[in-house]
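Participant: This is the structure I want to talk about, given as structure tokens.
The values are calculated or read from the model by the stated rules, or taken from the named source; none is laboratory data. On a predicted model such as this, the values are computed, not experimentally measured, just so you know. Glycine gets a Cβ as well: all are built from the backbone with ideal geometry, and neighbour counts include every protein chain shown. Accessible surface areas use protein heavy atoms only, side chains included; no ligands, DNA or RNA. Shrake-Rupley method; radii C 1.70, N 1.55, O 1.52, S 1.80 Å.
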Amino acid sequence: MKIYKAYTNEDLLNHLRGSKEVINGLTDFDLDDEQLEVVNRFKKLSQFERDLLYLYSQHNVDIISKLYNCSKTHIYNKLREIKKKLWKP
């Protein structure tokens, strides 16, 4: 029988530590107009969506689903929605 670690809000906050610096640093580079538009769309996302993308850049979906106490399918669906928002044609 497997015993799973129960994640708390503290664990989630610990995993999100440093995300604000990364997000604030997105425009510290020379970006072309298209890249700048994507960064601006990113900044218009909800806090949850930005946090989810940050976590996805750092961890696999299995860990993220455990942190949020939801299914991996739900995380994948949310990531797909975010991708549509960021990469509008």
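Participant: Excluding ligands, DNA and RNA, what is the solvent-accessible area per residue of the chain at a probe of 1.4 Å, expressed in Å²? Kindly include the intermediate steps, with their values, before the conclusion.
Facilitator: Numbers: 6800 Å² over 89 residues.
On a per-residue basis, the chain sits at 76 Å².
Participant: Out of LEU55, LEU86, CYS70, whose Cα points farthest toward the positive end of the dipole of the chain (charges: +1 Lys, Arg; -1 Asp, Glu; placed on Cβ)?
Facilitator: Selected residue: CYS70.
Participant: Computing the accessible area with a 1.4 Å probe over protein heavy atoms, can you report the carbon and sulfur percentage for the chain?
Facilitator: On the way: 3520 of 6800 Å².
Percent of accessible area from carbon and sulfur atoms in the chain: 52.
Participant: Note the full-extension length gain between PHE42 and LYS5 as 0.36 nm times their separation in residues minus their Cα-Cα distance, in nm to one decimal. Working shown, then result.
Facilitator: Details: separation 37, 0.36 × 37 = 13.32 nm, distance 3.16 nm.
Residue separation times 0.36 nm, minus the Cα-Cα distance, leaves 10.2 nm.
Participant: Where the only charges are on Cβ atoms (+1 Lys, Arg; -1 Asp, Glu), what is the dipole of the chain about its Cα centre, to the nearest 20 debye? Write down the numbers at each step before the final one.
Facilitator: On the way: 16 positive and 13 negative charges, 121 e Å.
For this selection, approximately 580 debye.
Participant: Compare GLU37, GLU49, GLU21 in a GNM of the chain, Cα atoms joined below 10 Å, and give the one with the largest fluctuation.
Facilitator: Comparing GLU37, GLU49, GLU21 in a Gaussian network model of the chain, the most mobile one is GLU21.
Participant: Let me ask another. Quick one: if you stick a label point 7 Å off each Cα along the C-beta vector at ASP32 and SER71, how many nm between them?
Facilitator: Roughly 4.0 nm, to one decimal.
Participant: Which whole-number percent is the relative contact order of the chain (Cα, under 8 Å, 6+ apart)? Intermediate values should be presented prior to the final figure.
Facilitator: On the way: 41 pairs, mean separation 30.7, N = 89.
Relative contact order for the chain comes out at 35 percent.
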